[in-house]
Amino acid sequence: MINFKDLHEKLFAMQDSEYRVFQAQMLPNLEEERLIGIRTAELVKFSKKFFDAKTKIEFLNNLPHKYFEEDLIHVWIISKMRSYDKCIDAVKNFLPYVDNWAVCDSLIPKIFAQNTAKVLDEIKIWINSNSTYTVRFGILMLMKFYLGKNFDKKYLQLVADIQTKEYYIEMMAAWFFTEALIKHYDETIVFLRPKLLLPKIHTKTIKKAVESTRLSDEQKDYLKTLRRRNLDERIYHD
């Protein structure tokens, strides 16, 4: 069995106060008392030594965790699960406790790549959730597993249909459309039209795409003409 007092003592023994300040700046919506401040390499090394097969299961069932670093360990364990059924159950159990972008974006289960048909049904539920980070996670999964060989332009529409004012959803959607432009430019560019994307998603997508090194200068120049200000002026003159 896990002695959680001992676990926490070991975690605090790795605390880096300067790094904790940096993390607090990167995670402004997270309560500072939830941050210990452990550099990722140290935390990964520790988690590999501390947990065995049995204690991993106990740890996953001990929700909610007290510290951000425990949440990171949690998603790392889930991401390496080899059984799809156990993995998807663990994901569903944990998603309600995800409260920041860093933990959300670290949850990338490898087994999902072999079960994309099943995962897609879950994604459709996640992106319609009322939880910011559940929606963000759903978009992340579409970006990671459905913009390659599994691509279908209907997945672009799934994200375009999301209605939100949540910053962390908007930023993930913009990241998704930027990656889609890079990998499927012709199918994606049609979404960079007036009112097809929410204004902030539209604006951030173009900004990220123009800054990318994976699009041609010609593509970037055209994207600049699709900035909302230019589009609004075009509509007015037409």
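The values are calculated or read from the model by the stated rules, or taken from the named source; none is laboratory data. Treat the numbers as computed from the prediction; the structure is a model and nothing was measured. In this analysis, Cβ positions are derived from the backbone assuming ideal geometry, glycine residues included, and neighbour counts consider all displayed protein chains. Ligands, DNA and RNA are stripped out before the accessible areas are found, and what is left, the full protein with its side chains, is counted by its heavy atoms. Shrake-Rupley method; radii C 1.70, N 1.55, O 1.52, S 1.80 Å.
See the values below:
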{"quantity": "Qualifying positions in the stretch 128-150 - of a type in the set (S, T, N, Q) and in contact with a helix residue (DSSP H, G or I) (Cβ under 9 Å, 6 or more places away or on another chain)", "calculated": "ASN128, SER129, SER131, THR132, THR134, ASN150"}
{"quantity": "Tally of residues being in contact (Cβ under 8 Å) with a residue 24 or more places away in the chain, open to solvent by 40 Å² or more (accessible area, probe 1.4 Å) and within 19 Å of ASP121 (Cβ to Cβ) across the stretch 154-181", "calculated": "1"}
{"quantity": "Every pair of residues 6+ apart whose Cβ atoms lie under 6 Å, when the first sits in the stretch 3-14 and is closer than 20 Å to ILE57 by Cβ while the second is of a type in the set (A, V, I, L, M)", "calculated": "LEU11/ILE36"}
{"quantity": "Within the stretch 136-153, considering residues that are open to solvent by 20 Å² or more (accessible area, probe 1.4 Å) and over 26 Å from PRO194 (Cβ atoms), the one nearest to the chain's Cα centre (by Cα)", "calculated": "LYS144"}
{"quantity": "Index of the failed condition, ILE206 passing every other in (1) open to solvent by 10 Å² or more (accessible area, probe 1.4 Å); (2) over 21 Å from ILE125 (Cβ atoms); (3) of a type outside the set (Ser, Thr, Tyr); (4) at pLDDT 95 or above", "calculated": "(1)"}
{"quantity": "Within the stretch 119-135, tally of residues that are within 20 Å of PHE151 (Cβ to Cβ) and surrounded by 13 or more Cβ atoms within 10 Å (Cβ to Cβ)", "calculated": "6"}
{"quantity": "Answer residue from the stretch 19-66, given it is more than 22 Å from the chain's Cα centre (by Cα) and acidic (Asp, Glu) and is least open to solvent (accessible area, probe 1.4 Å) among those", "calculated": "GLU58"}
{"quantity": "Which listed residue, of ASP99, ASP89, ASP85, ASP71, is of a type outside the set (Ser, Thr, Tyr), closer than 22 Å to GLU122 by Cβ and open to solvent by 90 Å² or more (accessible area, probe 1.4 Å)", "calculated": "ASP85"}
{"quantity": "Qualifying residue in the stretch 182-199 (condition: at positive phi and either surrounded by fewer than 19 Cβ atoms within 10 Å (Cβ to Cβ) or not small (Gly, Ala, Ser) (or both))", "calculated": "yes"}
{"quantity": "Residue check, ARG214 open to solvent by 40 Å² or more (accessible area, probe 1.4 Å) and at pLDDT below 95", "calculated": "no"}
